[in-house]
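Trainee: After the structure tokens below, expect a handful of questions from me.
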Amino acid sequence: MSAPAGFAGRPLVGVSRCLLGEKVRYDGGHKLDHFLAEVLGRHVDYVPVCPEVECGLGVPREAMRLVGDAESPRLVTIRSGVDLTERMRGWAESRVEELASEPLCGFVFKYGSPSSGMSRVKVYPEAGGSPLLKGRGLFAAAFMERFPLLPVEDEGRLNDDGLRENFIERVFVMQRWRELEAKGLTLGGLVDFHTRHKLLIMAHSVEHYRSLGRLVATARELPAEVLRSQYLCGLMEALRLTATVKKQSNVLAHVMGYFKRQLSADEKRELLEVLDAYARELLPLIVPVTLLNHYVRKFDEAYLAGQWYLHAHPAELKLRNHA
Ligand code: SF4
């Protein structure tokens, strides 16, 4: 098996427009996020969306908020009480249909926005009083309902190292899935895709690793669309689960097993020390992964060289460098 092909295809990622520094907020300002604009932006292409501007509200405009039932809130301007719910819902419905023709691999929403926030948006009771942090912005809600399998996050949650790595890893997996589908999904293509993602899936969930393996093994018996949908659902469900240090340690030990006959006693001792330090959270994941990649090259281990786990996302993003 040849090595992963690298990151030739750049994922297409939707983003709340103000996070890229565009002055589209109600007060004429922006909410530039440096990581998104300057770091991740070097590795993905963005589709910026500003629901409030695109549905015809100007800049500047009156501020708005969510009001009423947290499950189905209304979007209302704060000072004059204009109800913009139907306008925003109608626009969002047609915008998500437009976006369906783009090979999006994820979306980063603006935290807290009544239009763009994906979770924990304030919803004010009709009768007044304190808001509940239980809402979802109207555009984000329409997007997540239309694309339930696409990775989504907000810029606030992306400040957490673990959530950031998880989201970006899923974006790159989705990009590879898009590439596979663009070539025409064949049984051989799916088997190869699954084989290369085995260790990555295992790092999130051994149960999903087994059930997806069983699904691929019986692929011939299933109609193509059923197979496609069951595989993608199971894959994205698995990758949403946290890859804990314990699960990662299990995968690292599994990888080490491939070299047990080639490593000298000294190399084995050094590798075990590194795995142990990682398991005790004294070293970041990048250290054992780098050492294992060294042995993959040194011993020309073809199966491991094809594993996306060992090259899950561009090294420049430093997503595995936190202890
Ligand atoms: S939060 Fe959403 S609606 Fe508000 S300015 Fe940013 S992109 Fe536009």
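Trainee: If you line up the long axis of helix 245-257 against the longest principal axis of the chain, both from Cα atoms, how many degrees apart are they, to the nearest 10?
Mentor: 30
Trainee: If you take every residue apart from Q307 with its C-beta less than 15 Å away from the C-beta of Q307, what net charge results, scoring Lys and Arg +1 and Asp and Glu -1?
Mentor: +1
Trainee: If you don't mind, there's one more thing I want to ask. In this model, which of K31/K318; K198/K246; K31/K246 are farther than 29 Å apart at the alpha-carbon?
Mentor: Correct reply: K31/K246.
Trainee: Shifting gears a bit: Any idea what angle helix 286-298 forms with the longest principal axis of the chain, computed on alpha-carbon atoms, 0 to 90 degrees, nearest 10?
Mentor: Tilt relative to the chain: about 40 degrees.
Trainee: So what is the relative contact order for the stretch 12-159, in percent, with contacts set as C-alpha pairs under 8 Å and at least six apart?
Mentor: 22
Trainee: Looking at the chain only, what percent of DSSP beta bridges run antiparallel? Nearest 5 please.
Mentor: Bridges in the chain are about 35 percent antiparallel.
Trainee: Same structure again: What is the distance in Å between the Cα centroid of the stretch 83-102 and that of the stretch 217-231?
Mentor: 32
Trainee: Taking only DSSP H segments of four or more residues, each worth -39500 (n - 2.57), what value at 222 nm results for the chain once the sum is divided by all its residues, to the nearest 500 deg cm²/dmol?
Mentor: After summing the helix terms and dividing by the residues of the chain, the value is -14000 deg cm²/dmol.
Trainee: Still on this structure: What span do the alpha-carbon atoms of the stretch 12-159 cover on each of the three principal axes, reported in whole Å from largest to smallest?
Mentor: Extents along the principal axes, in whole Å: 47, 29, 29.
Trainee: OK, next. In µm²/s, what is D for the stretch 168-323 at 25 °C and 0.890 mPa s, where D = kT/(6 pi eta Rh) by Stokes-Einstein and Rh is the Kirkwood radius from Cα pairs?
Mentor: Approximately 148 µm²/s, per Stokes-Einstein.
Trainee: Rounded to whole Å, give me the distance from the Cα center of the stretch 157-203 to that of the stretch 248-262.
Mentor: Their Cα centres are 22 Å away from one another.
Trainee: Let me understand the stretch 157-232 better: what is its radius of gyration from the alpha carbons, and its Dmax, in angstrom?
Mentor: 13.5, 44
Trainee: Work out Dmax and Rg for the chain from the C-alpha atoms and quote the Rg first, both in angstrom.
Mentor: Reported Rg and Dmax, both Å: 22.3, 75.
Trainee: To continue, here is another question. Which aspartates and glutamates does K298 reach when only Cα atoms under 14 Å apart count, and residues fewer than 8 places away in its own chain are ignored?
Mentor: The qualifying aspartates and glutamates are E267.
Trainee: Tally the DSSP beta bridges in the stretch 12-159 and give the antiparallel ones as a percent, rounded to 5.
Mentor: 35
Only the coordinates and a few stated rules stand behind these numbers; no lab work does. What you are looking at is a predicted structure, and each value in this text was computed from that prediction instead of being measured. Positions of Cβ are generated from backbone atoms using ideal geometry, with glycine treated the same way; all protein chains shown enter the neighbour counts.
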